[in-house]
Amino acid sequence: MKRLLMCLTALLLLAAVGCTHEVPSGQLTEDGLHVFFLDVGQADCTLIFSDGHAMLIDGGNTDDGAFIVSFLKEKGVTALDYVVATHAHEDHVGGLTQVLKNFPCKTVYAPVLQADNAAFTRFARQSEQQGGLTQCLRGTRGDLGQAHFEVLFPFEPEKEENVNNTSVVLRLTLGQASFLFVGDLERDAESRLLSFDDDLTSAVLKVGHHGSSTSTSYYFLRRVLPQTAVISCGANNEYGHPHKETIDILNQAEIDIWRTDTMGTVEAVTDGALLTVRAGELVKTAAVLSPTPALDIYYIGNKKSRVFHLPACASLPKENNRVDFSSREEAISAGYTPCSRCRP
Ligand SMILES: [Zn+2]
Ligand SMILES: [Zn+2]
């Protein structure tokens, strides 16, 4: 009898150990990659599920915490694999403190470990209960179920004067389908990201900085070539987001635009080959395209000032003063110095 009891105990222990390994932490156990762009007003919050694993990118403003926690619970989340704070502004980290109070998280990523604002400090302090913040920089990568992600930016967040330009740029891929999350990254930092030859092509672009015209340059869009764009912003927000310039450039490129301010929470689902996007009653399904972007990165020198620029720079020389360089090295060895504005 005693031996039988011991055997049973051993079996139960084995089962328990097996469980902690087998059962993924998130829920919503449907096949494929599910991405929810939550309607958190003038803020960002994206919840991603893949094979029972969950990742949360940004957590809205502090007041959105309770809504986000209840949304996660509704989807059956009991723990998160990753929380990513794209940058230290309240409309991105505010609600994350409450999320971390309610759910254990394996890795809490941020581009910086401390910042000069109360919402970020509360979030960093709360993350200490879960092993603290892990710095998330270019080169960070990982898996989420069968999907995988790679961080492409920032690489030197401490050198950025503009907090928006410390934003984590994360590309998440399942099969042919990629999602690009760019936080509030602005045009000058987009240009610096473009100077790498990364494959940025993504079926879905989470549009930078709530659709502000300070983000989403023509050159950036040409490299990402999204078929779907999602803008997270508040109805009648004080900044006028999304700006007309952004909507125009997306329309010109015939990109399908989804907005949380007019459509509420947007959900994108893919098996890596087909992409379905829905918001309320509206549902659209399309095959994931695999466009090949032209990697025509070049630099434009000013013959007079001997400064060189990215083609996206706002202070390009007049046509008759221009000289083109095919690489940064070529410009520098010709005695040209990089522009302090576009930082090529
Ligand atoms: Zn923001
Ligand atoms: Zn910001």
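The values are calculated or read from the model by the stated rules, or taken from the named source; none is laboratory data. All values derive from a computational prediction rather than experimental measurement. No Cβ is skipped: glycine too gets one built from the backbone with ideal geometry, and neighbour counts run over all protein chains shown.
Quick rundown of the values:
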| quantity | calculated |
| --- | --- |
| Residue within segment 248-267 that is part of a strand (DSSP E or B), among the β-branched types (V, I, T) and on the phi < 0 side of the Ramachandran plot present | yes |
| Test result for R192, of a type in the set (D, E, K, R) and within 13 Å of V84 (Cβ to Cβ) | no |
| Complete set of residues in segment 187-207 that are within 16 Å of ligand 1 (Cβ to nearest atom) and among the small types (G, A, S) | A189 |
| Residues of segment 55-74 that turn out to be hydroxyl-bearing (S, T, Y) and surrounded by 19 or more Cβ atoms within 10 Å (Cβ to Cβ), as a count | 1 |
| Selection status of G280, on the phi > 0 side of the Ramachandran plot, assigned by TED's automatic domain parsing to the domain that holds D44 and loosely packed, with under 15 Cβ neighbours inside 10 Å | yes |
| Which numbered condition R138 fails, given (1) in contact with a Phe, Trp or Tyr (Cβ under 6 Å, 6 or more places away or on another chain); (2) within 16 Å of ligand 1 (Cβ to nearest atom); (3) not hydrophobic (A, V, I, L, M, F, W, C) | (2) |
| Odd one out for V224 among (1) closer than 17 Å to P344 by Cβ; (2) crowded, with 21+ Cβ neighbours inside 10 Å; (3) more than 16 Å from ligand 2 (Cβ to nearest atom) | (1) |
| Close pairs from segment 42-53: first among the polar types (S, T, N, Q), partner at pLDDT 95 or above and not in a loop (DSSP other than H, G, I, E, B), Cβ under 6 Å, at least 6 apart | T46/F37; T46/I57; S50/L33; S50/L144; S50/A147 |
| Criterion: under 19 Å from the mean Cα position of the chain (by Cα), modelled with pLDDT of 95 or more and surrounded by 18 or more Cβ atoms within 10 Å (Cβ to Cβ) - qualifying residue of V84, V77 | V84 |
| Top-ranked residue of segment 154-169 - restricted to ones that are in a helix (DSSP H, G or I) and in contact (Cβ under 8 Å) with a residue 24 or more places away in the chain, ranked as nearest to ligand 1 (Cβ to nearest atom) | N164 |
| Options G301, G272; residue that is within 20 Å of the chain's Cα centre (by Cα), modelled with pLDDT of 90 or more and not aliphatic (A, V, I, L, M) | G272 |
| Scope segment 208-234; condition among the small types (G, A, S), part of a loop (DSSP other than H, G, I, E, B) and either under 23 Å from R192 (Cα atoms) or modelled with pLDDT under 95 (or both); matching residues | S212, S213, S215, S217 |
| D184 being away from ligand 1 (no atom under 16 Å from the Cβ) and either among the aliphatic types (A, V, I, L, M) or part of a loop (DSSP other than H, G, I, E, B) (or both) | no |
| Extreme residue, nearest to the chain's Cα centre (by Cα), among residues of segment 133-175 that are of a type in the set (S, T, N, Q) and within 16 Å of ligand 2 (Cβ to nearest atom) | S167 |
